[in-house]
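Trainee: Structure in structure tokens, see below.
The values are calculated or read from the model by the stated rules, or taken from the named source; none is laboratory data. Being a predicted model, the structure only gives us computed values, none of them experimental. Cβ sites come from the backbone with ideal geometry, for glycine too, and all protein chains shown count toward neighbours.
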Amino acid sequence: MSTTPPMVAQSGGRDDVPAATESTDGSIPTNPTSHDRKGTWLAAVFLAPALLLLLVMVLYPIVFSLVRSLYDAPGSSFLGFGNYVSLFTDGNTLTALKNNVIWMVVAPTLVTALGLMFAVLTERISWVTVFKTLVFMPMAVSFLASGVIFRLVYDEEPDRGLANAMLVAVHDTFAPSSSYPGGRPGDPDAFPAADDGTITSAESVSTGSTVPIPLLAVSPDDVPAAATVAEEAAEPGSDSAISGTVWLDFTLGGGGEPDVVDETEKGLPGMEVEAVQDGKVVGSTTTSANGTFTVSGLAPGDYELRLPAANFAAPYNGVTWLGPNLITPAIIAAYIWIYAGFAMVLIAAGMAAIPRDALEAARMDGATEWQVFRRVTMPLLAPVLVVVFVTLVINVLKVFDLVFIIAPGSVQPDANVLALQMWKVSFGGGQDQGLGSAIGVFLLLLVIPAMVFNIRRFKKEQ
Amino acid sequence: MKTTRRRVTHLAIGAAAMALVVSGCGGSDSSSDDTADDPTSESSLPDLEGESIEVAAVWTGAEQKTFEKVLAGFSDATGAEVKYTSTGDDIATVLGTKIKGGQPPDVAMLPQPGLLAQFAESGDIQPVNEDVAAAVDENYAAIWKDLASNGSDQYGVWIDASNKSTVWYNQMLFDDAGIEAPTTWDEFVASAQTLSDSGVQIPVSLGGADGWTLTDWFENVYLRTAGADMYDQLTTHEIPWTDPSVTTALETLAELWGEETLVGDSGTALQTDFTGSVTNVFDADAQSAVVYEGGFVAGVINDATDFTVGEDANFFEFPAVDDSEPSVVGGGDVAVQFTDSEVSQAFLTYLASPEAAAAMVSTGSFTSANQNLDSSAYPDETSKALGEAIVEAGENFRFDMSDLAPSAFGGTVGAGEWKDLQDFLADPSDVEGAQESLEANAAKAFK
């Protein structure tokens with residue numbers, strides 16, 4: 001990066017040479033020789049195609065956009081700065097602007113930092129080539145393909161989305177999911193369900209009685225293979241117990257009667273049943289294979305019968321990565337995945353250019369590895385880091401494809417960025433190319449400082 | 001076809017992600033015998049030996065092959081030579097360029113009534129003659145004449161019609177729950193409840209990430225609660241979205257969308273795209289049993305799942321609300337002529353005939369509104385039922401409302417009607433807020 005590109009030096013040097021002669025000896029240079037004049041012509045001939053292309057494909061579109069941004073949607077009536085006013089008052093564009101700021105601050109910083117880490121790593125490990133190839137590989141994948149990949153990675157359904165599949169695997173290792181997710185009372189009058197899913201008897205139950213507890217909405221797949229046909233529980237036979245049946249009150253194929261233990265309906269084994277008195281659990285048991293249970297050892301009296309929410313807790317399904325809250329960080333992560341390799345390669349090249357003797361000298365003087373990195377490598381590397389950072393800022397300003405593909409339609413307004421908004425208002429439904437041009441001009445204004453900075457740096461390096 | 005194609009684009013992203021190839025644009029791919037009647041029986045067509053005609057449409061691949069059968073029928077009957085040009089998806093641009101270049105095709109198939117109106121007003125397309133008008137009157141419900149007219153002039157013939165009033169379901173889960181396909185909205189909601197009781201976690205699968213699935217839901221409910229006349233007025237924004245009829249339709253929708261036990265968590269629904277909403281239903285351990293969308297769902301089922309349409313995957317017509325008449329929301333393609341010649345008039349007359357319709361539907365890719373079409377021309381029960389529903393709806397067929405609206409309102413991801421209905425799905429209790437937002441966006445787009 002730090003070597004002077006010879007091409008630029010030649011074209012830039014032509015003006016510098018006479019000026020330099022002028023300032024050194026003060027004399028006006030003699031008439032330019034025919035050789036020089038011929039050189040000027042030659043330069044013009046060689047530059048013409050590039051200039052023409054720049055004129056037609058860069059300058060003309062810029063000027064046209066500027067003009068177009070002052071007109072309305074059909075391009076027929078002059079609006080002055082009307083489009084710019086609506087640009088800064090429209091909620092969608094403001095969201096896009098906000099997201100662009102987040103992108104500009106977060107993405108280049110993280111990518112540069114990560115690139116630096118990787119570059120340092122490549123100096124320490126032996127399998128450099130493999131490592132570099134792996135990290136750089138995403139750069140070879142098109143943004144569109146990367147977008148499709150990450151759309152899948154972030155899919156909310158753990159069966160499809162890698163991110164949630166990992167989260168769920170970790171979560172379920174530490175907190176196993178409930179046996180009957182989604183189950184709810186078949187007779188909500190007698191056994192109402194609380195918001196958290198806990199099912200409690202509406203009226204208190206006396207010891208010595210038998211209680212049927214029908215449940216619904218349990219997926220047949222969740223009924224364990226060990227479950228047998230439900231039976232009505234026998235009388236507890238003592239004053240210190242309550243018996244009953246917890247069963248799936250739905251006959252497959254229909255035809256079952258509600259609140260009645262029908263012929264083929266299965267018991268729900270392993271269900272936790274608690275007897276509660278004055279808010280305290282005084283006895284508990286689990287149901288057997290046919291769904292019957294007996295809570296025994298109770299003092300004669302009235303109890304509430306409760307099926308705790310843990311029986312019915314919905315399975316943990318991970319995080320809604322592509323919801324309105326996480327969408328921008330999620331897409332930035334995808335961007336980092338793609339660009340970390342780019343930063344690494346540039347920074348590694350910069351590090352290779354650092355004179356070894358400087359590092360050696362520092363080590364000789366007793367500097368630790370950290371000090372060498374902090375005091376020698378970093379300052380020598382700073383120019384490269386800045387170039388990488390600024391290049392990424394420019395790149396991030398025009399991010400479009402990733403947002404367009406990864407964000408689901410319902411979340412797109414929350415993930416919006418200026419480049420996407422520009423396309424949307426001009427072509428993707430809005431059909432207002434006046435407003436679109438205004439956004440384009442605004443984007444150009446945002447890019448200009450970074451461009452100027454980069455050009456100045458290039459000049460300085462020459 | 002514009003709608004369907006737009007949909008296929010969306011669908012393609014999802015499908016590509018699953019490394020599946022979604023081919024064509026809806027319709028079942030099931031092979032079939034060519035049951036088209038012998039077109040030579042059409043006696044009223046003149047002898048056009050030596051004449052030729054150029055026809056343009058969006059179709060490629062399998063759909064083009066089907067359409068070429070129709071063209072062959074015309075050649076056989078008249079001796080005229082027919083040259084087919086596929087314009088690709090963006091037919092409006094292609095035709096616009098050809099018109100500017102002074103070489104429009106003789107006949108083109110337009111996927112939008114809006115395009116017909118545009119070309120009629122610019123004077124590029126020519127009104128049909130009496131023969132064509134008579135053939136349309138004889139074979140189609142009057143609505144199809146209206147849809148093919150601009151002002152008092154009739155400009156074309158609708159050669160196919162698609163049906164977006166179909167609800168698809170997993171037969172096995174219906175059998176487990178012991179229920180039959182519902183015919184009324186109340187039965188529909190009750191069926192969803194029964195499915196939930198039977199252990200189906202999210203009985204009705206919504207593809208809320210794609211806003212157009214929600215506008216199609218709304219259009220079907222609105223057509224049934226408010227009636228066809230009100231539907232027309234809302235389509236052109238003659239009545240505002242704050243109208244009480246919209247309130248009724250949204251409240252009806254909320255009976256379903258507002259029940260978490262029936263449609264699941266709305267946040268999840270808003271993350272599910274159209275393809276996902278279909279594959280959620282047609283899966284070996286499906287957690288959903290019902291999905292609403294048009295006839296093109298059959299194509300997704302065939303291509304992206306192990307289910308077979310007509311066996312373990314079936315559909316019922318969008319249920320009636322409060323004894324509403326059979327109604328169908330859909331789309332179609334209208335044939336119009338850029339040159340007023342004997343051969344193009346004869347071609348349009350032929351397209352309006354039951355023989356042409358029979359050739360068109362013979363592969364199962366298309367359905368027709370031709371009421372004199374012998375339904376045995378359909379290659380399978382599913383496309384036959386889809387087509388019969390359109391004929392049965394008769395005057396109550398309506399074009400997809402959001403497709404007729406300016407695209408800023410009815411066709412933009414994350415904006416307009418799409419976004420407003422997504423917000424409504426997120427909070428179905430806020431009917432008033434949804435209406436105000438819809439009206440504000442519509443007013444902006446319809447100015």
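Trainee: Hey, could you check the stretch A:89-119 for residues that are within 14 Å of chain B (Cβ to nearest Cβ) and touching a residue at least 60 places away in the same chain (Cβ under 8 Å) and say which is nearest to residue A:342 (Cα to Cα)? Spell out how you get there, then give the answer.
Mentor: Taking the stretch A:89-119 as the starting set, the residues that turn out to be within 14 Å of chain B (Cβ to nearest Cβ) are A:89-93, A:95-96, A:99.
Checking the rest, the ones that are also touching a residue at least 60 places away in the same chain (Cβ under 8 Å) come to A:92-93, A:95-96, A:99.
Numbers: A:92: 32, A:93: 30, A:95: 29, A:96: 26, A:99: 23 Å.
Selected residue: A:99.
Trainee: Could you grab me the full set of residues in the stretch A:321-334 that are within 22 Å of residue B:414 (Cα to Cα) and either of a type outside the set (Val, Ile, Thr) or not assigned by TED's automatic domain parsing to the domain that holds residue A:133 (or both)?
Mentor: Residues of the stretch A:321-334 within 22 Å of residue B:414 (Cα to Cα): A:321-332, A:334.
A:321, A:322, A:323, A:324, A:325, A:326, A:329, A:330, A:334, listed by residue number.
Trainee: Just need a number here: residues in the stretch B:174-193 that are within 8 Å of chain A (Cβ to nearest Cβ) and either in contact with a His (Cβ under 8 Å, 6 or more places away or on another chain) or among the polar types (S, T, N, Q) (or both). Please lay out each step first, then the result.
Mentor: Pass one, the stretch B:174-193, residues within 8 Å of chain A (Cβ to nearest Cβ): B:175-179.
Checking the rest, the ones that are also either in contact with a His (Cβ under 8 Å, 6 or more places away or on another chain) or among the polar types (S, T, N, Q) (or both) come to none.
Counting residues in the stretch B:174-193 that are within 8 Å of chain A (Cβ to nearest Cβ) and either in contact with a His (Cβ under 8 Å, 6 or more places away or on another chain) or among the polar types (S, T, N, Q) (or both) gives 0.
Trainee: Restricting attention to the stretch A:194-220, and to residues there that are without any contact (Cβ under 8 Å) to a residue 40 or more places away in the chain and away from chain B (no Cβ under 14 Å), which single residue is surrounded by the most Cβ atoms within 10 Å (Cβ to Cβ)? Step through it out loud before you land on a result.
Mentor: Applying the first criterion (without any contact (Cβ under 8 Å) to a residue 40 or more places away in the chain) to the stretch A:194-220 yields A:195, A:202-203, A:209-210, A:216-217, A:219-220.
Next, only the ones that are away from chain B (no Cβ under 14 Å) stay: A:202-203, A:209-210.
Details: A:202: 12, A:203: 11, A:209: 15, A:210: 17.
Here the residue is A:210.
Trainee: Return the residues of the stretch B:405-441 that are among the small types (Gly, Ala, Ser), more than 18 Å from residue B:240 (Cβ to Cβ) and in a helix (DSSP H, G or I); say none if nothing qualifies.
Mentor: Step one: filter the stretch B:405-441 for residues among the small types (Gly, Ala, Ser), giving B:405, B:407-408, B:410-411, B:414-416, B:426, B:429, B:433-434, B:437, B:440.
Restricting the remaining residues to those that are more than 18 Å from residue B:240 (Cβ to Cβ) gives B:407, B:411, B:414-415, B:426, B:429.
The answer is B:407, B:426.
Trainee: Name the one entry in A:415, A:419 that is within 18 Å of residue A:331 (Cβ to Cβ) and facing chain B (nearest Cβ under 10 Å).
Mentor: Values: A:419 fails: facing chain B (nearest Cβ under 10 Å).
Unique residue meeting the criteria: A:415.
Trainee: Step by step: first the residues of the stretch B:99-117, then only those that are free of Cβ contacts under 8 Å to residues at least 40 places away in the same chain and more than 21 Å from the chain's Cα centre (by Cα), then the one that is nearest to residue B:370 (Cα to Cα). Which residue is that? Give the steps one after another, and end with the answer.
Mentor: Kept after step one, since they are free of Cβ contacts under 8 Å to residues at least 40 places away in the same chain, are these residues of the stretch B:99-117: B:100-103, B:115, B:117.
Then drop every residue that is not more than 21 Å from the chain's Cα centre (by Cα), which leaves B:100-103.
Details: B:100: 34, B:101: 35, B:102: 33, B:103: 31 Å.
Per the criteria, the residue is B:103.
Trainee: Continuing with this model, one more query. Is it the case that residue A:404 is facing another protein chain (nearest Cβ under 10 Å) and not charged (D, E, K, R)? I'd like the intermediate steps shown before the answer.
Mentor: Working: facing another protein chain (nearest Cβ under 10 Å): yes; not charged (D, E, K, R): yes.
It is true that residue A:404 is facing another protein chain (nearest Cβ under 10 Å) and not charged (D, E, K, R).
Trainee: Right, here's the next one. So which residues in the stretch B:278-300 are farther than 21 Å from residue B:182 by Cα and either within 14 Å of another protein chain (Cβ to nearest Cβ) or modelled with pLDDT of 95 or more (or both)?
Mentor: B:279, B:283, B:284, B:285
Trainee: Identify the residue in the stretch A:158-193 that is within 11 Å of another protein chain (Cβ to nearest Cβ) and in a loop (DSSP other than H, G, I, E, B) and, among all such residues, is surrounded by the fewest Cβ atoms within 10 Å (Cβ to Cβ).
Mentor: Selected residue: A:159.
Trainee: For the stretch B:401-423, how many residues are more than 8 Å from chain A (Cβ to nearest Cβ) and more than 15 Å from residue B:241 (Cβ to Cβ)?
Mentor: 1
Trainee: For the stretch B:74-87, check the following and say yes or no: at least one residue is surrounded by 21 or more Cβ atoms within 10 Å (Cβ to Cβ), under 22 Å from residue B:144 (Cβ atoms) and of a type in the set (A, V, I, L, M). Let's see the steps before the verdict.
Mentor: Applying the first criterion (surrounded by 21 or more Cβ atoms within 10 Å (Cβ to Cβ)) to the stretch B:74-87 yields B:74, B:77-78, B:80, B:82.
Going one step further and asking which of them are under 22 Å from residue B:144 (Cβ atoms), we end up with B:74.
Keeping just the survivors that are of a type in the set (A, V, I, L, M) gives none.
The answer is no, given that none of the residues of the stretch B:74-87 is surrounded by 21 or more Cβ atoms within 10 Å (Cβ to Cβ), under 22 Å from residue B:144 (Cβ atoms) and of a type in the set (A, V, I, L, M).
Trainee: I would also like to ask the following. Here is a check on your reading of the model: is residue A:252 modelled with pLDDT of 90 or more and within 14 Å of chain B (Cβ to nearest Cβ)?
Mentor: Values: modelled with pLDDT of 90 or more: no; within 14 Å of chain B (Cβ to nearest Cβ): yes.
Considered against the rule, which asks whether it is modelled with pLDDT of 90 or more and within 14 Å of chain B (Cβ to nearest Cβ), residue A:252 comes out as no.
Trainee: Do we have any residue at all in the stretch B:377-387 that's surrounded by fewer than 22 Cβ atoms within 10 Å (Cβ to Cβ), assigned by TED's automatic domain parsing to the domain that holds residue B:122 and not in a helix (DSSP H, G or I)?
Mentor: yes
Trainee: Kindly check whether there is at least one residue in the stretch A:224-242 that is closer than 24 Å to residue B:192 by Cβ, surrounded by 19 or more Cβ atoms within 10 Å (Cβ to Cβ) and within 14 Å of chain B (Cβ to nearest Cβ).
Mentor: Taking the stretch A:224-242 and keeping what is closer than 24 Å to residue B:192 by Cβ, we get none.
Taking every residue of the stretch A:224-242 in turn, none turns out to be closer than 24 Å to residue B:192 by Cβ, surrounded by 19 or more Cβ atoms within 10 Å (Cβ to Cβ) and within 14 Å of chain B (Cβ to nearest Cβ).
Trainee: Condition check: in contact with a helix residue (DSSP H, G or I) (Cβ under 7 Å, 6 or more places away or on another chain) and either touching a residue at least 40 places away in the same chain (Cβ under 8 Å) or outside any helix (DSSP H, G or I) (or both). Does residue A:388 satisfy that? First the steps, then the outcome.
Mentor: Working: in contact with a helix residue (DSSP H, G or I) (Cβ under 7 Å, 6 or more places away or on another chain): yes; either touching a residue at least 40 places away in the same chain (Cβ under 8 Å) or outside any helix (DSSP H, G or I) (or both): yes.
In short, yes.
Trainee: Specify which of the listed residues (B:223, B:262, B:250) is within 14 Å of chain A (Cβ to nearest Cβ) and either among the aromatic types (Phe, Trp, Tyr) or touching a helix residue (DSSP H, G or I) at 6+ places or on another chain (Cβ under 6 Å) (or both). Walk me through how you get there before you give the answer.
Mentor: On the way: B:223 fails: within 14 Å of chain A (Cβ to nearest Cβ); B:250 fails: within 14 Å of chain A (Cβ to nearest Cβ).
On inspection, the qualifying residue turns out to be B:262.
Trainee: Next question, about the same structure. Return the residue satisfying two criteria in turn: it lies in the stretch A:427-461 and is touching a residue at least 40 places away in the same chain (Cβ under 8 Å) and β-branched (Val, Ile, Thr), and of such residues it is nearest to the other protein chains (Cβ to nearest Cβ).
Mentor: Here the answer is A:439.
Trainee: Taking interchain pairs and intrachain pairs at least six residues apart, which have beta carbon atoms under 8 angstrom, with the first residue in the stretch A:54-66 and among the β-branched types (Val, Ile, Thr) and the second part of a helix (DSSP H, G or I)?
Mentor: That search, which allows pairs on different chains as well, returns A:62/A:444.
Trainee: Can you tell me which of (1) assigned to a loop (DSSP other than H, G, I, E, B); (2) under 20 Å from the mean Cα position of the chain (by Cα); (3) farther than 19 Å from residue B:212 by Cα is the one residue B:295 doesn't meet?
Mentor: (3)
Trainee: From the list A:226, A:234, exactly one residue is assigned by TED's automatic domain parsing to the domain that holds residue A:303, out of contact with any Ser or Thr (no Cβ under 7 Å at 6 or more places or on another chain) and not in a strand (DSSP E or B). Which is it?
Mentor: Numbers: A:234 fails: out of contact with any Ser or Thr (no Cβ under 7 Å at 6 or more places or on another chain).
Going through A:226, A:234 in turn, just one is assigned by TED's automatic domain parsing to the domain that holds residue A:303, out of contact with any Ser or Thr (no Cβ under 7 Å at 6 or more places or on another chain) and not in a strand (DSSP E or B): A:226.
Trainee: Next up: Somewhere in the stretch B:391-404, is a residue under 30 Å from residue B:44 (Cα atoms) and not in a helix (DSSP H, G or I)?
Mentor: Quick first cut of the stretch B:391-404, residues under 30 Å from residue B:44 (Cα atoms) only: B:391-395, B:397.
If we keep only those that are not in a helix (DSSP H, G or I) as well, we get B:397.
Yes; the residues of the stretch B:391-404 include at least one that is under 30 Å from residue B:44 (Cα atoms) and not in a helix (DSSP H, G or I).
Trainee: Any idea which of B:298, B:304, B:335 is of a type outside the set (D, E, K, R), closer than 22 Å to residue B:380 by Cα and crowded, with 24+ Cβ neighbours inside 10 Å?
Mentor: Details: B:304 fails: crowded, with 24+ Cβ neighbours inside 10 Å; B:335 fails: closer than 22 Å to residue B:380 by Cα.
Answer to the check: B:298.
Trainee: Can you name the condition, by its number, that residue A:240 falls short on among (1) in contact with a Pro (Cβ under 8 Å, 6 or more places away or on another chain); (2) of a type outside the set (Asp, Glu); (3) over 25 Å from residue B:178 (Cα atoms); (4) assigned to a strand (DSSP E or B)?
Mentor: (4)
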